[in-house]
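Taking it in order: structure first as structure tokens, then the write-up.
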Amino acid sequence: MKILVTGGAGFIGSHIAETYLEDGHEVTIVDDLSMGSKDNVPAGARFVELDITTDSFSRFVMDERFDAINHHAAHMELRVSVDKPVHDATINILGSLRLLEAARKSDVQHVILASTAAVLGEFTELPATESHPVRPIAPYGVSKRAMELYADYERIVHGMSISVLRYTNVYGPRQNPNGESGVIAIFLEKFLKGAVPTIHGDGSQERDYLHVHDVACANRAALITRAQGIYHVCSDSAASVNDVVSMLRSALGTDAEVVHGPAKAGDPAKTRGSHAAFSALTGWRPSTPLEEGIRATAEWFRQRK
Ligand SMILES: NC(=O)c1ccc[n+]([C@@H]2O[C@H](COP(=O)([O-])OP(=O)(O)OC[C@H]3O[C@@H](n4cnc5c(N)ncnc54)[C@H](O)[C@@H]3O)[C@@H](O)[C@H]2O)c1
């Protein structure tokens, strides 16, 4: 198949592009390099530098007539979305809408959209299934929810074939350690530089961590099965930040220090998702235990230095 991966010069998109190439697909990556890097573009993929919010991008999609589109380009810094909601909405809502419209007009057979558990807001049920209330509490979650609603509209009214995958906390090689989220990448970078990472709060807050290889396999499964609708793609397990720190220390063979700072306002105590619906439909399930994934990620960061 001829597949477009937007955001493929970034963390998750580059792993998905790699998986599709392994499967023998022809892969084109579109990225504006605002956060990504050409170094992440896998060998064998065609790279086109374009901003998804522009007319040139719409024209490009229509001219190329892709068989499938995997959409991972996004603005994803939650706190920046609070300060600059228009910037966030321009990329995540208008860019995604532009992509959906161009995909429909050029008869793309299947579209996969990356969403986030941030659309849920506070987790009131654990593990959260797809019937969990959706009440985003930051502009980033609102813009991703708007994208999901446009996808519903395109699917229901225009009969488009669309999978929306909501991820929890993804980690692994190539994650940007300079972002605001991604505790594993941020702490690895600090430990390897001899800097002291700060844990916000007492470190007991629990998150559902999913290795990027498992995410790429979920995207492969969504394409093969043409999964329709919204699905949680997560590990359905939870580890505290303190647990993560001890796994990182053991992976790096260090007892390096961490400090505790004030808890972040609005930081939930626990997040955990259920992938039961997606697993039942596609047969996908996460296969990387956290400790093993952290060890491999630590090795990648170590070698990169
Ligand atoms: N990393 C996570 O834990 C996580 C969790 C839930 C959802 N997601 C979603 O997964 C997707 C990928 O996230 P990631 O962690 O790989 O982030 P990333 O920043 O590494 O990748 C996003 C890519 O999109 C590109 N981009 C941004 N704006 C663009 C624009 N206007 N035009 C073209 N390209 C643009 C960036 O340059 C970057 O390469 C995003 O949609 C994000 O919302 C990520």
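Asp88 versus (1) within 13 Å of the ligand (Cβ to nearest atom); (2) among the acidic types (Asp, Glu); (3) surrounded by fewer than 24 Cβ atoms within 10 Å (Cβ to Cβ): which is the lone unmet condition? Every condition holds for Asp88 apart from (3).
Tell me yes or no: at least one residue of the range 152-159 is in the same structural domain as Ala102 (by TED's automatic domain parsing), more than 11 Å from the ligand (Cβ to nearest atom), crowded, with 16+ Cβ neighbours inside 10 Å and in contact (Cβ under 8 Å) with a residue 12 or more places away in the chain.
Of the residues in the range 152-159, the ones in the same structural domain as Ala102 (by TED's automatic domain parsing) are 152-159.
Going one step further and asking which of them are more than 11 Å from the ligand (Cβ to nearest atom), we end up with 152-159.
The next check asks that each one be crowded, with 16+ Cβ neighbours inside 10 Å; those that pass are 154-155.
From what is left, the residues that are in contact (Cβ under 8 Å) with a residue 12 or more places away in the chain are 154-155.
So far as the range 152-159 goes, yes, one or more of its residues are in the same structural domain as Ala102 (by TED's automatic domain parsing), more than 11 Å from the ligand (Cβ to nearest atom), crowded, with 16+ Cβ neighbours inside 10 Å and in contact (Cβ under 8 Å) with a residue 12 or more places away in the chain.
Residue by residue, here is whether (1) under 16 Å from the mean Cα position of the chain (by Cα); (2) surrounded by fewer than 19 Cβ atoms within 10 Å (Cβ to Cβ); (3) not assigned by TED's automatic domain parsing to the domain that holds Leu223 holds:
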{"residue": "Ala9", "(1), (2), (3)": "yes, no, no"}
{"residue": "Ala17", "(1), (2), (3)": "yes, no, no"}
{"residue": "Val27", "(1), (2), (3)": "no, no, no"}
{"residue": "Ile52", "(1), (2), (3)": "no, no, no"}
{"residue": "Phe60", "(1), (2), (3)": "no, yes, no"}
{"residue": "His75", "(1), (2), (3)": "yes, no, no"}
{"residue": "Arg79", "(1), (2), (3)": "no, yes, no"}
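Screening the range 164-213 for residues that are in contact with a strand residue (DSSP E or B) (Cβ under 7 Å, 6 or more places away or on another chain) and charged (D, E, K, R) and picking the one that is nearest to Trp284 (Cα to Cα) gives Arg166. Note on the range 64-90: among residues that are free of Cβ contacts under 8 Å to residues at least 40 places away in the same chain and assigned to a helix (DSSP H, G or I), the one that is farthest from Ser143 (Cα to Cα) is Asp83.
Being assigned to a loop (DSSP other than H, G, I, E, B), buried (at least 18 other Cβ atoms within 10 Å of the Cβ) and of a type in the set (Asp, Glu) holds for only one residue in Asp214, Asp236, Asp267, and it is Asp236. Looking only at residues of the range 98-130 that are in contact with a strand residue (DSSP E or B) (Cβ under 8 Å, 6 or more places away or on another chain), more than 29 Å from Ser237 (Cβ to Cβ) and not β-branched (Val, Ile, Thr), we find that the one that is farthest from the ligand (Cβ to nearest atom) is Gln109.
Residues checked against (1) more than 30 Å from Glu130 (Cα to Cα); (2) at pLDDT 95 or above; (3) not β-branched (Val, Ile, Thr):
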| position | (1), (2), (3) |
| --- | --- |
| Ser250 | yes, yes, yes |
| Val259 | yes, yes, no |
| Gly273 | no, yes, yes |
| Phe278 | no, yes, yes |
| Pro286 | no, yes, yes |
| Leu290 | no, yes, yes |
| Gly293 | no, yes, yes |
| Thr297 | no, yes, no |
| Arg302 | yes, yes, yes |
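Filtering the range 68-84 to residues that are within 13 Å of the ligand (Cβ to nearest atom), modelled with pLDDT under 95 and of a type in the set (A, V, I, L, M, F, W, C) leaves Met76, Leu78, Val80. The set of residues in the range 7-37 that are more than 10 Å from the ligand (Cβ to nearest atom), assigned to a helix (DSSP H, G or I) and farther than 16 Å from Phe66 by Cα comprises Glu18, Thr19, Glu22.
Mind listing whichever residues of the range 182-206 are on the phi < 0 side of the Ramachandran plot and either surrounded by fewer than 17 Cβ atoms within 10 Å (Cβ to Cβ) or β-branched (Val, Ile, Thr) (or both)? Hits for the range 182-206 are Val183, Ile184, Ile186, Lys193, Ala195, Val196, Thr198, Ile199, His200, Asp202, Ser204.
The values are calculated or read from the model by the stated rules, or taken from the named source; none is laboratory data. These numbers come from a predicted model, not from an experiment. Backbone-built Cβ (ideal geometry, glycine too); neighbour counts: all protein chains shown.
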